[in-house]
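Peer 1: Input: one structure, supplied below.
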Amino acid sequence: MNNDDMISWSDFAKVDMRIGTILTAEVFEEAKNSAYKMTVDFGPFGTKKTSAQITTLYQPIELIGRQVVAVVNFPPKQIATMMSECLVMGGLGDNKDVILLSPERTVPNGTKIG
């Protein structure tokens, strides 16, 4: 990593990452790339819709009730027929498969990542 890639602490502090629980997950048929559309509950911050290209490693039924980490302060983004309101975070595997980030223990929805 070179100095051009470095960010300041104040830059990082602007990113609002929260824990949320997936309420709904279904195949996003209108998406260009294979994806699910999901609704995530962030407790006092409300529910937000998102799209995630996680179809290789996950089935919709196993996602419901799972807690995930998401960025909640990006501006809404149009993805096919849906307006995405948050970005679910994950690690990228060898084949660019996304492995969802989740808390080790159950925490209240809306818990801030710090």
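The values are calculated or read from the model by the stated rules, or taken from the named source; none is laboratory data. This structure is a prediction, so every number in the text was calculated from the model and none was measured. Neighbour counts run over all protein chains shown; Cβ positions are idealised from the backbone, glycine included. Surface areas here come from the heavy atoms of the whole protein model, side chains and all, with no ligands, DNA or RNA. Shrake-Rupley method; radii C 1.70, N 1.55, O 1.52, S 1.80 Å.
Peer 1: Give Thr81, Thr21, Thr56 a once-over and let me know the one that is in contact with a helix residue (DSSP H, G or I) (Cβ under 9 Å, 6 or more places away or on another chain) and of a type in the set (Val, Ile, Thr). First the steps, then the outcome.
Peer 2: On the way: Thr81 fails: in contact with a helix residue (DSSP H, G or I) (Cβ under 9 Å, 6 or more places away or on another chain); Thr56 fails: in contact with a helix residue (DSSP H, G or I) (Cβ under 9 Å, 6 or more places away or on another chain).
Unique residue meeting the criteria: Thr21.
Peer 1: Quick check on this structure: which one of Val40, Val15 is open to solvent by less than 20 Å² (accessible area, probe 1.4 Å), within 19 Å of Lys112 (Cα to Cα) and not hydroxyl-bearing (Ser, Thr, Tyr)? Can you show your working first?
Peer 2: Values: Val15 fails: open to solvent by less than 20 Å² (accessible area, probe 1.4 Å).
Residue meeting the stated conditions: Val40.
Peer 1: Being in contact with a Gly (Cβ under 9 Å, 6 or more places away or on another chain), open to solvent by 50 Å² or more (accessible area, probe 1.4 Å) and in a loop (DSSP other than H, G, I, E, B) is the requirement here; does Leu23 meet it?
Peer 2: On the way: in contact with a Gly (Cβ under 9 Å, 6 or more places away or on another chain): yes; open to solvent by 50 Å² or more (accessible area, probe 1.4 Å): yes; in a loop (DSSP other than H, G, I, E, B): no.
When the stated conditions are applied, Leu23 does not pass them.
Peer 1: Looking at Val72, is it open to solvent by less than 70 Å² (accessible area, probe 1.4 Å), within 17 Å of Val107 (Cβ to Cβ) and out of contact with any helix residue (DSSP H, G or I) (no Cβ under 8 Å at 6 or more places or on another chain)? Step through it out loud before you land on a result.
Peer 2: On the way: open to solvent by less than 70 Å² (accessible area, probe 1.4 Å): yes; within 17 Å of Val107 (Cβ to Cβ): yes; out of contact with any helix residue (DSSP H, G or I) (no Cβ under 8 Å at 6 or more places or on another chain): no.
Judged against the criteria, Val72 is not a match.
Peer 1: Also, quick follow-up: Hey, which of the strands (runs of 3 or more DSSP E) in region 51-114, taking only ones fully inside, have at least 1 residues that are free of Cβ contacts under 8 Å to residues at least 12 places away in the same chain and farther than 21 Å from Asn33 by Cα? Don't jump to the end; show me each part of the working.
Peer 2: Details: elements: 67-71, 77-79, 82-84, 90-92, 98-100.
So the answer is none; nothing clears 1.
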